[in-house]
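Have a look at the structure below before the remarks.
Computed from the coordinates by the stated procedures, all read-outs in this text should not be read as laboratory data. Nothing here was measured: the structure is a model prediction, and the numbers come from that model. Because the Cβ atoms are built from the backbone with ideal geometry, glycine has one as well, and the counts that use them run over all protein chains shown.
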Amino acid sequence: MEISPDEVKYSRVLFKISGEALMGLQPFGHDMEVISRLCKDIADIHKLGVQVCIVVGGGNIFRGSSASLNGCERASSDYIGMLATIINALILQNFLEENSVDSRVMSAIPMAAICEPYIRRKAIRNLEKGRIVIFAAGTGNPFFTTDTAAALRAVEMNCDVILKGTQVNGVYSSDPKKNEDAVMYDKLSYTDLLARDLKVMDASAVSLARENLIPIVVFSLKEEKIVNIIKGRGIYTIVSNSR
Ligand code: UDP
């Protein structure tokens, strides 16, 4: 199906991809077919002229909170978790290149031999030059998550929206996998999301988006094409200031 650039709702987006989204049905690691499909979808929106930022998680490799429960010091575990996000960022970059998309990995923890350090103005320049920017190593600080990094980079990059691809097709009143009466919301305010403690993104990420009025669109990576989401079509929940 041909998509006209006129239909596109956003000009600069931040796409938050969790580590889990990269592992397909496997218990951990990477499902290269899933990653290849995902990067093709991302390349499709980029080819429409949308500037794309990506923040990738690391939960498919290492999660600081779980390791600290098993005896590691929390801050050290978190640094290992941030290294995991760099691995994922480099994998995404390779698959984006397969689709002839130019990209840069910019890491909050400098790693000069393999990627650029995160410098805000350089990141904006990369976007303006038509490169996808993949932000790695989260915020660069332990005790944070890549959700918060996503909100932070979205604010810094002046993104129009945060696209949060998940395993379910929106925000539900309770876990739809456990409760068949769970109701999905089309729209939700930031305040309602926080007050009802709906587990979509951490509270710090939602607060940052609220303060800076950046809407969060929650959708299923499995069931929805990203290109539909950026046209405002398909099934999703939009979290914004209006209910
Ligand atoms: N992390 C961190 N600071 C950050 C972002 C991430 O310490 O700013 C660590 C933390 O240990 C986390 C891990 O990196 O568990 C992987 O990130 P996250 O859990 O957010 O990944 P996702 O759930 O999106 O796969």
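Under 1.5 on a/c is rounded, so check that first for the stretch 116-171, then, if it is not, pick prolate when a/b is larger than b/c and oblate when it is not; a ≥ b ≥ c are the square roots of the alpha carbon gyration tensor eigenvalues. Display every interim value, and only then the final one.
Details: a/c = 2.20, a/b = 1.32, b/c = 1.66.
Oblate is the answer for the stretch 116-171, as a/c is 1.5 or above yet b/c matches or exceeds a/b.
Among the GluC sites (Glu not before Pro) within the stretch 1-80, which fall in a DSSP loop and have no more than 15 other Cβ atoms within 10 Å of their own Cβ? Before the final figure, lay out each step's value.
Values: sites: GLU2, GLU7, GLU20, GLU33, GLU73; in loops: GLU2, GLU73.
Within the stretch 1-80, the qualifying GluC sites (Glu not before Pro) (loop, at most 15 other Cβ atoms within 10 Å) are GLU2, GLU73.
State the percent of C-alpha pairs, over all pairs in the stretch 28-136, separated by a distance greater than 25 angstrom.
Details: 1481 of 5886 pairs.
Counting pairs separated by more than 25 Å, the tail of P(r) holds 25 percent.
With charges only on Cβ, +1 for K and R and -1 for D and E, what is the dipole size of the chain about its Cα centre, in debye, rounded to 20? Could you put the intermediate results ahead of the total?
Values: 28 positive and 28 negative charges, 102 e Å.
Around 480 debye, computed over the chain.
Can you list the lysines whose alpha carbon is less than 29 Å from that of LYS178, not counting same-chain residues fewer than 8 positions off?
LYS16, LYS164, LYS187, LYS199, LYS222, LYS225
Can you give the calculated 222 nm mean residue ellipticity of the chain, where each DSSP H run of n ≥ 4 adds -39,500 (n - 2.57) and the sum is split over every residue, rounded to the nearest 500 deg cm²/dmol? Don't skip to the end; give the middle numbers.
Working: 8 runs with 87 residues, N = 243.
Mean residue ellipticity, 222 nm, calculated: -11000 deg cm²/dmol.
If you filter the stretch 1-91 for trypsin sites (Lys or Arg not before Pro), then keep DSSP loop positions with at most 15 other Cβ within 10 Å, what is left?
LYS9
Is the C-alpha gyration tensor of the stretch 165-243 telling us rounded, prolate or oblate? Criteria: a/c under 1.5 is rounded; beyond that, a/b larger than b/c is prolate, otherwise oblate.
Values: a/c = 1.82, a/b = 1.11, b/c = 1.64.
Oblate is the answer for the stretch 165-243, as a/c is 1.5 or above yet b/c matches or exceeds a/b.
Could you bin all the Cα-Cα distances of the chain into 10 Å bins starting at 0 and give me the percent of pairs in each, rounded to whole numbers?
Cα pair-distance distribution for the chain, in percent: 8, 33, 40, 18, 2, 0.
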